[in-house]
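First the structure, in the form of structure tokens, and then the observations on it.
Any read-out appearing in this document is the output of simple, stated calculations on the displayed coordinates, not a laboratory observation. As the structure is a prediction and not an experimental result, all values here were calculated from the model. Neighbour counts are summed over all protein chains in view; Cβ atoms, including those assigned to glycine, are modelled from backbone coordinates with ideal geometry.
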């Protein structure tokens with residue numbers, strides 16, 4: 001850089017020129033701006049602004065992607081929840097269907113008419129092959145009952161019943177196990193010929209024998225004696241067999257009475273194989289229907305009166321509702337001052353108790369009921385009468401009274 005010399009004169013005329021020269025000097029001493037640096041600065045500013053804009057756009061795109069991912073995730077979760085909910089509903093529906101089917105099958109086991117299919121008659125092989133028990137298998141198969149020879153029965157004269165039931169899961173000392181598929185019934189039979197128990201009757205030990213047999217079998221027993229008629233039959237002449245009889249009819253009657261009083265065991269006398277088979281079949285039906293009848297009796301005992309005995313003028317109504325109109329007519333016909341014609345007229349005007357109740361709740365409803373015409377005969381031109389205000393007042397009191405102790409006079 002070349003040196004610049006400035007001469008300062010002392011003349012006053014040259015003061016203005018000297019000031020100009022000094023100003024130029026100081027201007028030269030200041031650093032000059034570099035155009036390249038300015039361009040670089042401008043480019044940096046533009047790059048920074050573009051980078052900031054790009055960053056903002058990238059951030060907005062990323063936020064949009066995140067929002068889209070969140071939406072997709074939420075939609076996936078909702079779909080999964082819907083699928084889980086649908087699966088749970090389907091599982092619950094299947095569970096309810098299975099429970100309903102199980103309850104229906106359980107009802108079939110005890111329902112009259114179908115319970116015989118689940119019963120099995122178990123007899124000792126000695127009794128099963130006896131000649132007087134030959135008709136039991138035929139009669140039982142005709143009724144749908146199974147007959148089985150069981151050597152495990154403790155006494156050859158015993159007849160027991162078992163019922164087929166669906167097995168269920170139970171816990172026993174922390175172990176899960178299935179219940180038995182067959183359940184022994186609480187009643188049994190002791191079938192024998194009178195000739196075989198004549199010695200017991202004579203020795204007065206029949207009651208003890210039946211009591212021990214009941215304890216071994218674990219159920220209540222009924223005695224079935226076969227051939228009492230043939231045993232006491234007389235031919236009109238004295239023979240060796242008639243003299244060798246150990247007991248008489250009065251002895252048998254005393255033994256049966258003692259058996260009933262002491263051991264609570266009833267006795268049935270049969271004389272033919274067919275009669276014996278029908279007796280066993282009747283006992284089978286009674287044992288099969290016993291749980292159903294017991295449950296029905298328990299329900300009846302909860303009421304203050306015997307509802308099944310009060311069946312006078314009843315109207316049957318099926319599950320589809322057929323018979324409801326007739327029942328409504330019967331309800332009106334049993335009221336005092338009512339007749340068959342008046343109940344028909346009221347049923348035609350008010351087809352249900354709710355319709356009559358709503359009509360009587362309205363102002364002047366009793367007058368409308370009192371004005372209902374009653375035709376005495378079905379002939380055309382027959383004279384008609386009205387229900388009347390007295391009967392309408394009683395109906396209004398019956399349907400709208402809030403006090404249960406109100407008397408309808």
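The set of residues from segment 247-270 being surrounded by 14 or more Cβ atoms within 10 Å (Cβ to Cβ), more than 47 Å from the chain's Cα centre (by Cα) and not in a helix (DSSP H, G or I) comprises just one member, 247.
For segment 361-381, the criterion of being surrounded by 15 or more Cβ atoms within 10 Å (Cβ to Cβ), part of a loop (DSSP other than H, G, I, E, B), more than 36 Å from the chain's Cα centre (by Cα) and touching a residue at least 12 places away in the same chain (Cβ under 8 Å) is met by at least one residue.
Would you mind listing the helices (runs of 4 or more DSSP H) fully within segment 125-209 where at least 3 residues are closer than 30 Å to residue 260 by Cβ and in contact (Cβ under 8 Å) with a residue 60 or more places away in the chain?
136-142
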